[in-house]
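Taking it in order: structure first as structure tokens, then the write-up.
Where a number appears in this text, it was derived from the coordinates with a stated rule and is not lab data. Computed from a prediction, not measured in an experiment: that's the story for all the values here. Neighbour counts are summed over all protein chains in view; Cβ atoms, including those assigned to glycine, are modelled from backbone coordinates with ideal geometry.
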């Protein structure tokens, strides 16, 4: 096969090496515009684990890379005059130029034709002359731009400016430093990559960069500014730029986050940064490019079929992994972009938040890396929460620290999330509900939330939805609450809501969101928009009279909840139900005082909430559940949701329950582990308001990490609780961990579980 690689960076060179190894008969040419010894940037970071993965590809090239590595295990975080150090990270660095030289030498040895100082022509010209064209030409890819409409890249120009420098200052750890100036915050990312040089990246939001006048400086003055700013880290050493091709303020770069819908066209395929980028804060851009190369070679060598079909297989295999890494990189990138949110934290929490900002590394991983450091942070947090550990005693894990809202104290940070059960008759909670909620209360979670409980028969989603519109229903709920209070430490919260345009549908297992075959009731909404166009019933736009009546229904439900003994009520303003549909611009098209701007769209939900707050006992807290992202064009964004949360905080909300989506049927959420946590993080730390986070949280490690890093105050867990009602009880059962309060009749089971886990651990050690 005749192959041309457009671009001689790590992606193109590594592909050419592996492809030539797979079959020496391939004729491979690499075309690069720069000279062989040109490179911009300084060091490249890999983890020890990453290198283990590449070893099988080409032991010779990996051995050569490792001979030139600088290894370190520590991370230092400097903040507010303190240094937080964590050990055991297993990183290694190499100069980017040295890495390219190693790849170039190996490629020549294998017979790859390297052509330097040659501008890339029209990719279609190459496509006619070669069997396969590799677009490995970086973030500003000529290949991608030529067929931009086909590749359909989403290019997100990020908020920060950064300058990539080098220094001869010896660094013994991957170093993060955060400096407050009269203009705002600056971040430092620095690491040693060989015996002589360290990478030194200075980053700041563009508005801070402009206030500091850095847009007016030439490169030498920008370097001098950074030397003054981080003089305490440099100890008299100079900073150096190798970006000789950049003039003036252009040495300060903005990161372009690239994600292409398609990675190939006919016999042209994108590789590495041309297809997708990963921010430098995660240090995995080169790793991602090399893994792309490995996967592409595997597909080309290991399957039959024409070139396009093999390229389709390549994208299918790599796309999910690339998205996972990009998601982690986005989380970490956003954290550094918005560092101002976190500067009110104490150094202990701030440092842990830095270490776990990607959401790939959690509390359990930190224990494995540095148990002493992690125990120290746990000890600090436990003491801060009022449960200090005695000397020699292990601290309570973050998950099991108490939390207080008004007069309610929760025993731990786990919440049973509201989950519709569709099992009521005429809104009446029955035996199923008693068993269901009693089991969850006995399962160790500190707070058990009911399913959305409706304020009237026409407020239901389905005929099976529970209600609290009459005293009989309230009495049934009271029986459940009384049992939970008498038999467990669990507090009980009633979620109160109205289905709006999503009502009068079948039970979920009979056809979710489908209208009833008969007996449909009329629907109300802010605007006459069906949930599923052409399928769902069209609701009637609410009048002022309707609003007054529904507000009265919510208030009546709140009073019944108080009489039933609930410890908290939650106002459901998420997921496209009535209150949510007022807030979202996708569902509110009103032209009166209750439509238009965000503040006006929130007016009616706030009216209802304030009336509920007046009816609810002052010593008991109230929660509001919101959709922080509509995941649809023109819908609510996380920034909008932060404004919504601020309005509810001002109205008396004690905690914001941060969910997302389900407002329109064609939304497109980007799912993943803990995928909604960044929305909670933003609201909590921008507004200084407690939050509940929810969404694909299913391990004790997730909870410990989220709570300790200050991304939420409580974690709501949904689907795992129906599968195992005692999930919170069993989470800390490993030896040495603190335990939740088990019901006394279950204590024998607790002891057995711990013994079994100890046996399993011992067997694993002896295996």
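What the table below lists for this structure:
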| quantity | calculated |
| --- | --- |
| Two-decimal ratio, segment 428-531, of alpha-carbon radius of gyration to 2.2 N^0.38 Å | 1.19 |
| Centre separation in Å (Cα based) which lies between segment 99-169 and segment 616-679 | 41 |
| Computed [θ] at 222 nm, helices only, for the chain once each DSSP H run of length n ≥ 4 contributes -39500 (n - 2.57) | -11500 deg cm²/dmol |
| Nearest-ten-degree value, helix 638-650 long axis tilted from longest Cα axis of the chain | 40 |
| Two-decimal Rg to Rh for segment 350-457 - Kirkwood Rh, Cα set | 1.12 |
| Debye equation applied to the C-alpha atoms of segment 10-112, log10 I(q)/I(0) at 0.10 Å⁻¹ | -0.36 |
| Segment 173-226 versus segment 238-300: alpha-carbon centroid distance in Å | 22 |
| Folded to 0 to 90 degrees: helix 96-110 orientation relative to the chain principal axis, Cα | 60 |
| DSSP bridge orientation in the chain - percent antiparallel, rounded to nearest 5 | 50 |
| Extended-chain gain in nm, criterion 0.36 nm per residue less alpha-carbon gap, residue 172 and residue 439 | 90.9 nm |
| From the C-alpha gyration tensor of segment 170-223, square roots of 5λ in Å | 24, 14, 7 |
| Degrees between helix 371-384 axis and first principal axis of the chain (Cα, 0 to 90, nearest 10) | 30 |
| Over segment 639-697: Kirkwood hydrodynamic radius from C-alpha pairwise inverse distances, Å | 12.0 |
| Label-point gap, in nm, between residue 375 and residue 47 - each point 7 angstrom along Cα→Cβ | 2.4 |
| Sorted peptide list for 350-356, 149-155, criterion being average Cβ within 10 angstrom, highest first | 350-356, 149-155 |
| In nm, spacing of pseudo-spin labels at residue 479 and residue 562 (7 Å Cα→C-beta vector) | 2.5 |
| Ordering of 545-552, 628-635, 459-466 by packing [mean C-beta count within 10 Å, highest first] | 459-466, 628-635, 545-552 |
| Along each principal axis, Cα extent of segment 410-731, largest first, Å | 50, 43, 39 |
| Cα point-scatterer Debye curve for segment 227-271, base-10 log of I(q)/I(0) at q = 0.33 Å⁻¹ | -1.12 |
| Sequence of 454, 160 once ranked by neighbouring C-beta atoms within 10 Å, starting from the fewest | 160, 454 |
| DSSP-defined beta bridges in segment 410-731 - what % are antiparallel, rounded to 5 | 5 |
| Inter-centroid distance (Cα atoms) of segment 504-566 relative to segment 377-409, Å | 42 |
